[in-house]
Each structure stands twice: as C-alpha cells, then as structure tokens.
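Participant: This is the structure I have questions about; it appears just below.
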C-alpha cells in the first residue's frame, strides 16, 4: 500500500510498515490540496490537524484511496458518512490513548486545585507569592462528575477513586453492570451538575450545542471546577469565560478549544484561574507507541 501520514506517527510503527513492504509518505497538505493529494494513496493516517471533509472525499472518491485511519479516539475531523458512501473504510485507535488523556485530566485537576500553573508562572517572573497561592483545596473527599463514561472516563474514574474522591458519571449510553464493577454511580446530567465539585468532560462532540453551556453552568455548584480534554465544542467558551470572571466557576483546566490557536482564545487563557495545555491529551511516548501498534494492526487486517 502507498500510505500518507499527514500529522506525524510513531517512528517504530512506520519502520514496521516499511518492512512489510508499504510505502510511507510523510507530508501535511493544506485543505485546498488535500482532496487531490488523497487520490494518490491507498491509505491516509491523520491526527487532529488534518480535517477530511466531504469536499475532500468528493475529489478523492473513485481513486485508489480505500482506507482512512484517525490516529486517536474521535472521528469528528473525518466526514465518516461521506467516506463510507464513497467506499472508503474509516478506522480509529480508541484503546491506545485513554490512559494518557485520563492522566492529563487528573493533572489539570491538581493544577486547578493547587494553583500550580499560575504559581509557577509568577515564580519565573521573579515573584514569591506564597500567601496568594496557599488557598488551594484537596481533591480527596470531593465529588467528581464525569460527563462521558467510555474508556477515558472510566480510566479517570478509577484514578480519582484511588485519591479518595467520590465519583459519579453521566453517559447517554448506560454501560450495563458498570456501577457494580467500578463502584461508580450513574446519574442524570442535572443531578451531576448539581452535585459535582469538579466536572470533567470526556464525551465526543455532540450535535445541538455545548454540554457545558450557559444554562448548564447555572445548574452547577458555586465554585465548581471544569475540566475539558474532549472536544472544544463541548464547552461554550463565552459562557465559561463569564462564569470564571464572576466566580461561579472557580477554575478551569482546558486542553481543547474550538480552534487550535492561542490568539483566538487569549482572553480565557490569560485568566489566573485557568490551567491550559495545547491539545496534548494523547501526547505521551507510551500512547503514541500504542497508537502506532494499533495502526499497524489495522493495516495488517485491512482487506480492500
């Protein structure tokens, strides 16, 4: 197969694919070039930077392209319906990055609780503001509400329980037996919003508006902490910004945004009560190696 890798991939996995006889081309194409470029490949492996939309599929269909692989969990940057209608198989790697994302969510929780991000920044400015940042809180004993209880949400739930947190979860699709298996209670969304001291979002992008909306923020406890490592569209940024300024939301930890540009989100990123990272949820050596293994397995098993 001739395989296009647009956004990077584990070097070991690429070496393995080459040993199997596949040709690997590493190149990022801008949106206007992407559709035509895809025509020259049997398979394309993308991460979050490349967006394969219906217009790209329309140009690429009826060519040698037969397989699109998203190196990650979400498929919202691929028009899956258009691809499948054109006879192109779409796959992702859902198992590989769950632990990495869950650990980052937990790290953002600690950063919000203990002012780690802003306190560290002020020290680099030559300041020693011990009194200002000695008013944090402990995670132990707090109620964590997890919105979206798939692999990542479950991984975070296990870790949070180990820290002595009370964990509740909401998911549109109730996993049978999960309460008994994990000791984590399913609740309705409104109950989660009312009870949780910290809310962490792990749902795919949803149609019909943000999960963390102005209306839902109003249902939360005063002084709640909001964590988002899922999709930027799951949080109404304007509503969250207003709530952070008013104190309704005490702090937020954000790894994802509607656009991947700090300049587009400068106001919220410059708040002292926001800990932020540039979409690095799956960005560990271990996760990328696991993703590479999963991609190799997909290509091994693929039958056009």
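Participant: Report P(r) for the stretch 11-53: all Cα-Cα distances, bin width 10 Å, range 0 to the bin holding the largest distance, values in whole percent.
Facilitator: 23, 52, 24, 1
Participant: Whole number please: convex hull volume per residue, Cα atoms of the stretch 32-181, in Å³.
Facilitator: Given the Cα convex hull of the stretch 32-181, per-residue volume reads 159 Å³.
Participant: Let me ask something else. What is the antiparallel percent of DSSP beta bridges lying wholly in the chain, to the nearest 5? Let's see the in-between values first.
Facilitator: Details: 0 of 40 bridges.
Among the beta bridges of the chain, antiparallel pairing accounts for roughly 0 percent.
Participant: Right, here's the next one. What's the Kirkwood radius of the chain in Å, using all Cα pairs?
Facilitator: Numbers: mean 1/r = 0.0483 Å⁻¹.
After inverting the mean inverse Cα-Cα distance, the result is 20.7 Å.
Participant: Here is a follow-up. If you build the convex hull over the alpha carbons only and average its shadow over all orientations, what do you get for the stretch 96-208? Give it in nm² to one decimal.
Facilitator: Details: hull surface 35.7 nm².
So the mean shadow area of the Cα hull is 8.9 nm².
Participant: Related question: Starting from a Cα-only point model with no solvent, please compute log10 I(q)/I(0) by Debye for the stretch 1-116 at q = 0.09, 0.17, 0.23 1/Å.
Facilitator: Scattering profile of the stretch 1-116, log10 relative to I(0): -0.29, -0.82, -1.29.
Participant: Once the convex hull of the alpha carbons of the stretch 161-253 is built, what does its volume come to per residue, in cubic angstrom?
Facilitator: On the way: hull volume 9.3 nm³, N = 93.
For the stretch 161-253, the hull spanned by Cα atoms encloses 100 Å³ per residue.
Participant: Report the Rg/Rh value for the stretch 182-304, based on alpha-carbon coordinates and the Kirkwood definition of Rh.
Facilitator: Working: Rg = 17.1 Å, Rh = 16.1 Å.
Ratio value, two decimals: 1.06.
Participant: Kirkwood Rh over Cα pairs of the stretch 39-98 into Stokes-Einstein at 25 °C, 0.890 mPa s: D in µm²/s?
Facilitator: Details: Rh = 11.5 Å.
In µm²/s, the coefficient is 214.
No lab work stands behind these numbers, since they all come straight from the coordinates. Remember, predicted model here, so these are calculated numbers, not experimental data.
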